[in-house]
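**Q** Pasting a structure here, questions to come.
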Amino acid sequence: MDEVKKTGSAQAGGIEGVWTQNLAEIDTDGGPVLHMLRADGSLFRQFGEIYFSLVRPGAVKAWKYHRLQTQNFAVPHGLIEVILFDDREGSPSKGTLKSFLLGRPGNYRLLQIPPGVWYGFTCRSEDSALLANCADLPHSPGEDVRIPADSPKIPYSWKV
């Protein structure tokens, strides 16, 4: 069974509902096979859509949250820093900001982001990185909320 761990309760500095899971990398002669999400896995909810986001070095893609959709991020190529901010009313982790480094080598894991949690990301590798997102619902116009990367609403300054 894959290792699943909650990033922590509000008391431990984590964000409620955010999970990480180490992902399998299977070496083969032709190159590794990289797992992401399985229908029988502990973090799988349902399939909505999968897409890939190419992120160039120094580029920032921020800020966004979904009203209903759960995000499942993995970075099979390159290194991406994902910043999360919880400002959900009633959340025990409201006001918490958390950083996650995703990618290879050394940080190949799944990051599950629940609805209502702000996220943004930047490429931290020398070459472009590829972020895969397997969302639990298909994209629906108006379901997401966006603000500029330099919005004072989120207590984070992008250092690229």
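**Q** Please turn the phi angles of the stretch 69-82 into ³J(HN,Hα) values with the Karplus equation 6.51 cos²θ - 1.76 cosθ + 1.60 (θ = phi - 60°), one per residue in order, whole Hz, x for glycine and proline.
**A** 7, 9, 9, 10, 9, 8, 10, x, 9, x, 9, 10, 9, 10
**Q** In what order do LYS98, LYS64 fall by count of nearby beta-carbon atoms within 10 Å, going from fewest to most?
**A** Working: LYS98 18, LYS64 15.
Ascending number of Cβ neighbours within 10 Å: LYS64, LYS98.
**Q** Amide H to amide H under 5 Å from SER93: which residues, 5+ apart in sequence or cross-chain, H placed 1.01 Å off N in plane?
**A** It is GLU16, by chain and number.
**Q** Moving on. Can you give me the relative contact order of the stretch 22-146 as a percent, contacts being Cα pairs under 8 Å and 6 or more apart?
**A** Numbers: 288 pairs, mean separation 49.2, N = 125.
Worked out over the stretch 22-146, it gives 39 percent.
**Q** In whole Hz, what ³J(HN,Hα) sequence does the stretch 141-154 give by Karplus (6.51, -1.76, 1.60; θ = phi - 60°), x for Gly and Pro?
**A** Whole-Hz 3J(HN,Hα) from phi for the stretch 141-154: x, x, 7, 9, 10, 10, 9, x, 4, 9, 5, x, 4, 10.
**Q** Rank these for me by crowding, ILE113, ILE147, going from fewest to most other beta carbons within 10 Å.
**A** ILE147, ILE113
**Q** If neighbour count is taken as other Cβ atoms inside 10 Å, put ILE80, ILE154, ILE26 in order from fewest to most.
**A** Numbers: ILE80 25, ILE154 20, ILE26 8.
Lowest count first: ILE26, ILE154, ILE80.
**Q** So, one more: Using modelled amide H (1.01 Å from N, peptide plane; none on Pro or chain starts), what sits under 5 Å from the amide H of GLY120, excluding residues fewer than 5 places away?
**A** Amide H neighbours of GLY120: ILE83.
**Q** Follow-up. Report the paramagnetic label zone for ARG45: residues of the stretch 56-94 whose backbone N is under 19 Å from a point 7 Å from Cα along the Cα-to-Cβ axis.
**A** Residues passing the 19 Å test: 64-75, 83-94.
**Q** If amide H atoms are built 1.01 Å from N in the plane of the peptide, which residues on other chains or at least 5 residues away come under 5 Å of the amide H of LEU79?
**A** HN-HN under 5 Å from LEU79: ARG124, SER125.
**Q** Between ASP29 and LEU101, what is the spin-label point distance in nm, taking each point 7 Å from the Cα along the Cα→C-beta axis?
**A** 3.5 nm
Taken together, the values in this text are just the output of simple stated rules run on the coordinates, not laboratory data. Computed from a predicted model, the values in this text were never measured in an experiment. Cβ atoms come from the backbone with ideal geometry, glycine included; neighbour counts cover every protein chain shown.
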